[in-house]
Amino acid sequence: MKLLIKAPAKINLSLDVLHKRPDGYHEVEMVMTTIDLADRVELGLLDRDTIRINSHNRFVPDDQRNLAYQAASLLKERFNVKKGVSITIEKTIPVAAGLAGGSSDAAATLRGLNKLWGLGLTMDELAQLGSEIGSDVSFCVYGGTALATGRGEVIQELPAPPTCWIVLAKPFIGVSTAEVYRRLKPEGVHHPDTKGMIKAIEENDFKMVCSNVGNVLEEVTLELHPEVAQIKDQMKRFGADAVLMSGSGPTVFSLVEHDSRMHRIYNGLRGFCDQVFAVRMLGERHTLD
Ligand SMILES: C[C@](O)(CO)[C@H](O)COP(=O)(O)OP(=O)(O)OC[C@H]1O[C@@H](n2ccc(N)nc2=O)[C@H](O)[C@@H]1O
Ligand SMILES: Nc1ncnc2c1ncn2[C@@H]1O[C@H](COP(=O)(O)OP(=O)(O)OP(=O)(O)O)[C@@H](O)[C@H]1O
């Protein structure tokens, strides 16, 4: 028996860091949404009691460092599962890009194995388990649009944002999330208006969404990698309605209302960037599989 599960990327429409916590993590307030850019995770039962990862991407580990492996391992251990699984990951989401690719693969593995192994866990229980793997995994279990607080694992559902295009561009660099958080000084930065972003989404007001995008990690990554600022400038020049870095970067996305401008930004950025995509948001939370 085989199961094919979609693992979509996320973007942070706003990302605020309130303070550093005693456990070393940072207290955050993030408005996140899933987009129609997804890895495909195929799960197959194995006769042997083992976890096997197949990925044909040289940047993706095929052992216990893979977040999908960790998801399977956690379920096996917690629920005493004596079955094996092969996990084949077809990557489309750029790696180490601020788009939660690994976290989404882990979340898809949790959802899929819940079915394949007949564990009967609720989405809330899967999200709770996901938080043990990484801060973005809980959000990825649900997908859709949400406010994420705590270290990112406390999820409150939000309605779908106004419809628009998302053009994503990733420069030829990878970013370490841990390093970006380490370099951040939450006291000295300009904080986005999280409540304003939530209101804009609830009122389905595209202009208000655009004027409330903000990410406190942007300054840190821009300082490390000036090419991120260049991409932002280019997107603005090509007519984006809003431009922001996602997560800890380095991927930059624009929100664009009109098709013609979407094409202009997409074509303008290709050749200049490692990977460029034009996609839609997935909108509300819905059954992903
Ligand atoms: C930047 C974001 O992707 C935005 O959605 C997330 O905040 C990071 O989520 P993630 O990659 O799943 O993060 P984790 O794997 O849990 O943590 C990676 C590292 O980032 C730092 N980290 C992460 C989340 C958080 N709230 N505070 C932190 O300081 C920690 O140093 C941690 O060791
Ligand atoms: N399934 C996976 N897909 C991609 N990378 C993975 C996976 N599992 C583990 N990794 C490791 O995690 C690192 C970060 O990858 P990922 O693509 O998840 O980053 P990210 O998009 O920046 O994450 P986030 O936005 O959650 O901070 C990679 O360099 C890779 O070594």
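Taken together, the values in this text are just the output of simple stated rules run on the coordinates, not laboratory data. Because the structure is predicted, anything quoted here is derived from the model rather than measured. Positions of Cβ are backbone-derived with ideal geometry, glycine not excepted, and every protein chain shown enters the neighbour counts.
Exposure proxy ranking for ARG182, ARG285, based on other Cβ atoms within 10 angstrom of each Cβ and starting from the fewest, stands as ARG182, ARG285.
With each label modelled as a point 7 angstrom along the Cα→C-beta vector, the LEU18-GLU125 pair spans 3.0 nm.
Jot down the per residue volume, in cubic angstrom and as a whole number, of the convex hull over the alpha-carbon atoms of the chain. Each step should come with its number before you reach the end.
Working: hull volume 34.8 nm³, N = 289.
Convex hull of Cα atoms, per residue: 121 Å³.
Tell me, ASP105, ASP47 in order of fewest to most beta-carbon neighbours within 10 Å? Intermediate values should be presented prior to the final figure.
Values: ASP105 30, ASP47 7.
The most exposed by this proxy come first: ASP47, ASP105.
Only beta bridges with both residues in the chain are counted; by DSSP, about 85 percent of them are antiparallel. When the label point is put 7 Å from the Cα of ARG280 along its Cα-to-beta-carbon vector, which residues of region 134-175 have a backbone N closer than 20 Å? Only 143-146, 158-169 fall inside the zone, counting backbone N under 20 Å.
Please find the FRET efficiency linking SER73 to SER260, where r is the Cβ-Cβ separation and R0 is fixed at 51 Å, and quote it to the nearest 0.05. Kindly include the intermediate steps, with their values, before the conclusion.
Working: r = 48 Å, r/R0 = 0.94.
Result of the calculation: an efficiency of 0.60.
Calculate the all-directions average of the projected area of region 225-289's alpha-carbon convex hull, and give it in nm². Reported value for the Cα convex hull: 5.4 nm². Going 7 Å from the Cα of GLU202 along its beta-carbon direction, which residues of region 1-20 have the amide nitrogen within less than 20 Å of the resulting point? It comes to 13-16, nothing else. Each residue of region 180-196 was assigned a 3J(HN,Hα) from its phi angle through the Karplus expression (A = 6.51, B = -1.76, C = 1.60, θ = phi - 60°), giving 5, 4, 4, 7, 6, 10, x, 6, x, 9, 7, 8, x, 8, 4, 4, x Hz with x at Gly and Pro. Treating r as the C-beta distance of ARG237 and LYS195 and R0 as 25 Å, the FRET efficiency rounds to 0.25.
Shown for ASP16, ASP193: other C-beta atoms within 10 Å of each C-beta, ranked fewest to most, produce the order ASP193, ASP16. From the alpha carbon centroid of region 63-111 to that of region 195-270 is 29 Å. Adding -39500 (n - 2.57) for every DSSP H run of four residues or longer, then dividing by how many residues the chain holds, sets the calculated 222 nm ellipticity at -9500 deg cm²/dmol.
Does region 2-158 come out rounded, prolate or oblate by the C-alpha gyration tensor, with a ≥ b ≥ c the root eigenvalues, rounded set by a/c under 1.5 and, if not, prolate when a/b is larger than b/c and oblate if not? Taking the square roots of the gyration eigenvalues as a ≥ b ≥ c, region 2-158 is prolate. Give, as a single signed number, the net charge of other residues whose beta carbon lies under 11 Å from the beta carbon of GLY24, with Lys and Arg counted +1 and Asp and Glu -1. Every neighbour counted, the sum reads +3. Bridgeable lysines around LYS6 (alpha carbons under 26 Å apart, same-chain partners fewer than 8 residues away excluded): LYS76, LYS82, LYS83, LYS91, LYS115, LYS170.
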